[in-house]
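The values are calculated or read from the model by the stated rules, or taken from the named source; none is laboratory data. Just so it is clear, the model here is predicted, and its values are computed rather than measured. Please note: Cβ atoms are built from the backbone with ideal geometry, for glycine as well, and neighbour counts cover all protein chains shown. Calculation scope for accessible area: heavy atoms of the full protein, side chains included, ligands and nucleic acids excluded. Shrake-Rupley method; radii C 1.70, N 1.55, O 1.52, S 1.80 Å.
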Amino acid sequence: MTSHSLYPQPWPHLLAQHARQHPRVLLGLGIALMGVLALLLQGQVWLAQATQNDVVCWALWGGSAGLAATTLGALPAVFLKNLKAQYEDAMLGMAAGMMLAAAAFSLLLPGIEAGTQLTGHALTGSGLVVLGMGLGVLLMLGLDAFTPHEHDKTGPCGPGHDRCQRVWLFVMAVAIHNLPEGMAVGVGFAQGDLSVGLPLATAIALQDIPEGLAVAMTLRAIGTPAWKAVGIAALGGLLEPIGALIGVSLVGNSALAYPVGLGLAAGAMLFVVSHEVIPETHRNGHQTTATLGLMTGFALMMVLDTSLG
């Protein structure tokens, strides 16, 4: 007897089925996409006129620094066959600490300051940033739920993940991770304020080094050849300059969009840290090592923000 379940379902059908199973997440993703689209539309005219503008160049350079750092971090995978889980958790913990500090000092605080100056009230200024944070979290929730990807410890997830090669599932996971980082860099440079953009781009590039190594070593652990593992890690890093261009176009020259955009980037980064990075570092029994790495990364980013900002 023939069963329809024996035949692979089209990916759009799987996506629709997944949407029916997660209606609230789908609604949140729709709201986030409408908010992002509104920000993008207001920035398109400015972006078309600003192709030679230093702001766009700075954003692309900042995003490209993240790509270069990811590739640089992945290179030792050519010579290393494995990496102790304790060392990997310490590096990822440090990266998480730097992302947390970058979200706080380079995104949220400047966003609140800009919103307060714009509205004349600290409460409404903070409200603009919180609005952006909500959009960022909804966006990442939707991408996490509706994009097929895989994490090292939790396995594959997302509609249609069983049809993708495992390597590409890891690529999608890295891409989801790197997109908000690139957007943060773009938003940070959007108003031409180097005291915001420079420490943020520096911190993200620095934390991309251990991330790149962790991704490459994970790929090697599942049997990916060394140079291919490095290339795939670098491929995931391409989302950083792309995200930077999206981020700078989200804000454009709009004073109102600036605190919202900073909040959006911060919300997306905080989601990634809490939802993915920290849990990954606590699954191998090295919570103390990971926490010490997080504190080190947070302190390093705090010093960078003070000295460069």
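General remarks:
- Computed from the C-beta positions of LEU80 and SER307 and an R0 of 41 Å, the FRET efficiency is 0.80 to the nearest 0.05.
- Cut-off 14 Å between beta-carbons: net charge of the residues surrounding ALA59, Lys and Arg +1, Asp and Glu -1: -4
- Here the 3J(HN,Hα) profile of region 123-134, calculated from phi with Karplus coefficients 6.51, -1.76 and 1.60 at θ = phi - 60°, is 5, 5, x, 5, x, 5, 5, 5, 4, x, 4, x Hz, Gly and Pro shown as x.
- Nearest-10 value in Å² for the accessible area of LEU92, using the 1.4 Å probe: 30
- Within-12-Å neighbourhood charge of ALA69 [Cβ basis; K, R +1; D, E -1]: -4
- For a modelled paramagnetic label at ASP193, 7 Å from Cα along Cα-to-Cβ, the residues of region 76-117 in reach, with backbone nitrogen under 16 Å, are 102-117.
- Using the average count of surrounding beta-carbon atoms within 10 Å as a protection proxy, the listed peptides 113-119, 207-213 rank, highest first, as 207-213, 113-119.
- Annotation for region 238-299 versus region 173-222: alpha-carbon center distance of 8 Å.
- Average accessible surface for region 199-293: 32 Å² per residue, computed with a 1.4 Å probe over protein heavy atoms with every protein chain in place.
- Within the accessible surface of region 162-283, defined with a 1.4 Å probe on protein heavy atoms only, the carbon and sulfur portion equals 67 percent.
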